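Below is one structure, written out as structure tokens; the observations come after it.
The values are calculated or read from the model by the stated rules, or taken from the named source; none is laboratory data. Small disclaimer: the values here were computed from a predicted structure and weren't measured. Methodologically, a virtual Cβ is constructed for each residue, glycine included, from the backbone with ideal geometry; neighbour enumeration extends over all protein chains shown. Surface accessibility is based on the protein's heavy atoms, side chains included, excluding ligands, DNA and RNA. Shrake-Rupley method; radii C 1.70, N 1.55, O 1.52, S 1.80 Å.
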Amino acid sequence: MNNLEKNTDLFFKQYNLEKRNYNIIIHGKNGLGKFDFIINILNNYYKKNNIVTIDPVAHPDTYYLSLPLYDKSGKIIRSINNNERLLYEYGFENTFDSYRVGSEIVINQIRKLIEFTQFSPMEKHKIIIINNCNYLNQESSAALLKTLEETESPSLFFLLSSETSQIKDTIISRCHLFSYSENIIDGDYNSLYN
């Protein structure tokens, strides 16, 4: 079993995603594969619930949020994807398709997320991925906090983070923490749940 599979197995031993709501911070070093881990969780979740999807992030019940891309007039075009985020964080790129990457997740992005959670899911849950929640500014953190407490629809929030010390304590207090481990040694893995 590879590291991704071991982390996924540990995750599903800890969390039953059939519950109405979960707010989970997935944390670990940058570049370990936390986003791939979320994709693996979603693929397992959809398979278990007999939901057919080619791309779990493109499913109508999934909302992906990251740093914004701005056009020349200052309008948000979209969130950067995970590969773009990594290129930005490691200093290789600060523009994509001639659009500037914003330095923080802003309140308007959270307002759109809130709007998304106000409607019932097509399937069982609305799934929200915030990649990397360390970039939430003061306003967006406050708005997200209220949303984590009171969503209109059954929702699963996955907040990815490379450093939990950069997340507001009020957000952490409303979330479960799952440490995505780089190397799970077989002996340690087996002893965790035996």
Across (1) within 17 Å of SER173 (Cα to Cα); (2) modelled with pLDDT of 95 or more; (3) not small (Gly, Ala, Ser), GLU149 clears everything bar (2)
Can you name every residue in the stretch 75-91 that is over 16 Å from LEU159 (Cα atoms), assigned to a loop (DSSP other than H, G, I, E, B) and at pLDDT 95 or above? LYS75
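Which residue, of LYS29, LYS112, is among the basic types (Lys, Arg) and more than 21 Å from GLU182 (Cβ to Cβ)?
Only one candidate qualifies: LYS112.
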Selection within the stretch 45-69 - in a helix (DSSP H, G or I) and among the aliphatic types (A, V, I, L, M): VAL57, ALA58
For ILE26, work out the one condition from (1) under 14 Å from the mean Cα position of the chain (by Cα); (2) hydrophobic (A, V, I, L, M, F, W, C); (3) open to solvent by 20 Å² or more (accessible area, probe 1.4 Å) it doesn't fulfil. (3)
Are any of the residues in the stretch 44-58 surrounded by 12 or more Cβ atoms within 10 Å (Cβ to Cβ) and within 26 Å of GLY102 (Cα to Cα)? yes
Being free of Cβ contacts under 8 Å to residues at least 40 places away in the same chain and out of contact with any helix residue (DSSP H, G or I) (no Cβ under 9 Å at 6 or more places or on another chain) narrows TYR70, TYR22 down to just TYR70
Only unsatisfied item for SER155, checking (1) in contact with a His (Cβ under 9 Å, 6 or more places away or on another chain); (2) surrounded by fewer than 20 Cβ atoms within 10 Å (Cβ to Cβ); (3) among the small types (Gly, Ala, Ser), is (2)
Would you confirm whether any residue within the stretch 105-120 is assigned to a strand (DSSP E or B), modelled with pLDDT of 95 or more and not aromatic (Phe, Trp, Tyr)? yes
Step by step: first the residues of the stretch 32-44, then only those that are touching a residue at least 60 places away in the same chain (Cβ under 8 Å) and outside any loop (DSSP other than H, G, I, E, B), then the one that is nearest to ILE127 (Cα to Cα). Which residue is that? LEU42
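Which members of the stretch 72-91 meet the condition of being over 18 Å from ARG111 (Cα atoms) and open to solvent by less than 40 Å² (accessible area, probe 1.4 Å)?
Correct list: ASN82, GLU84, ARG85.
Quick check on the stretch 98-149: of everything there that is acidic (Asp, Glu) and in contact (Cβ under 8 Å) with a residue 12 or more places away in the chain, which residue is most open to solvent (accessible area, probe 1.4 Å)?
GLU139
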